[in-house]
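Report on the structure given below.
The values are calculated or read from the model by the stated rules, or taken from the named source; none is laboratory data. In this text, all values refer to a predicted model and were calculated from it rather than measured experimentally. Methodologically, a virtual Cβ is constructed for each residue, glycine included, from the backbone with ideal geometry; neighbour enumeration extends over all protein chains shown. Accessible surface areas use protein heavy atoms only, side chains included; no ligands, DNA or RNA. Shrake-Rupley method; radii C 1.70, N 1.55, O 1.52, S 1.80 Å.
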Amino acid sequence: MTSHDDFMIDITPQVLLKAYSCGIFPMAESADDPALYWIEPQHRGILPLDRVHVPKRLARTLRTAPVRVEIDTDFDGVISGCAGSRPGRRSTWINARIRSLYRELFALGHCHTVEVWMEDRMVGGLYGVALGSAFFGESMFSTERDVSKIALIHLAARLIAGGFTLLDTQFVTDHLRQFGTIEVDRETFHHLLSNAVRGNGDFRRLPERPNPEAVLEIIDKARYGA
């Protein structure tokens, strides 16, 4: 389900947060299109935080890769990376209006980034919106092998540690399915969402630079119990 808005309508960060609380999110047709589409999928992708799966090879990479993971240090770098062209995708749905709105949400503390760095170069990351104990994943990117996967695993651990109850991936892809992402119908998603937005997740409960072993331990405890 989609609807096209008049691009002269003033969509504020508060309007955007209200839309998220109702299960709706915006996208643009292209980077050059000034208008937005409001989207509410019939079926929604979610990654249950008590069922996150870390493939063995990725766990090894997480422990040994010469990277560091940061949060909320370079919003513009992350959204530019997500908007960039890459093999298999020549266009992007991230237009100037999306950049501006989410930059405002970032300033308000509702939009967060997880960034993967090699020395002084960002090589991957993701961003999304936090509301209550729900986190809405928006987009991710990588310029080196596996770094967007590292960002996702760090995100999941941070959400678990912070008491979040819902990680919305919007859609299900093969890339996301390997970590345990499932598809739910709209009614189920709205039930999960209504409970989550009344919660109180803390994105910063986890230290800013947790070590890989701590990240994997958090995920294992959530999946298998203490």
Checklist outcome for this item: Expected max-MSF residue from G45, G124, G109 in the GNM of the chain (alpha carbon, under 10 Å) is G109
Next on the checklist: Rounded to the nearest angstrom and ordered from largest down, what semi-axes does the equivalent ellipsoid of segment 125-226 get from its C-alpha gyration tensor (root of 5λ)?
Outcome noted: 21, 18, 13
Checklist outcome for this item: Here the relative contact order (percent) of the chain, from C-alpha pairs under 8 Å and at least 6 apart, is 26
Checklist entry - Once Rh for segment 79-189 is found with the Kirkwood sum over Cα pairs, what is the Stokes-Einstein diffusion coefficient at 25 °C and 0.890 mPa s, in µm²/s? => result 165
Checklist entry - Compactness ratio of the chain: Cα Rg over 2.2 N^0.38 Å, N = residue count? => result 0.97
Checklist outcome for this item: Expected field for Y37, accessible surface area in Å² at 1.4 Å probe radius, rounded to 10, holds 60
Checklist entry - Counting other Cβ atoms within 10 Å, which GluC sites (Glu not before Pro) in segment 97-159 have at most 13 and lie in a DSSP loop? => result E119
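Restricting everything to alpha-carbon atoms, can you work out Rg to Rh for segment 150-194 with a Kirkwood hydrodynamic radius? Write out the running numbers ahead of the final one.
Working: Rg = 11.4 Å, Rh = 11.6 Å.
Here the Rg-to-Rh quotient is 0.98.
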Next on the checklist: Computing the accessible area with a 1.4 Å probe over protein heavy atoms, can you report the carbon and sulfur percentage for the chain?
Outcome noted: 52
Item to check | Max mean-square fluctuation residue, GNM over the chain, Cα-Cα springs under 10 Å, options M118, M140, M27 | outcome: M118
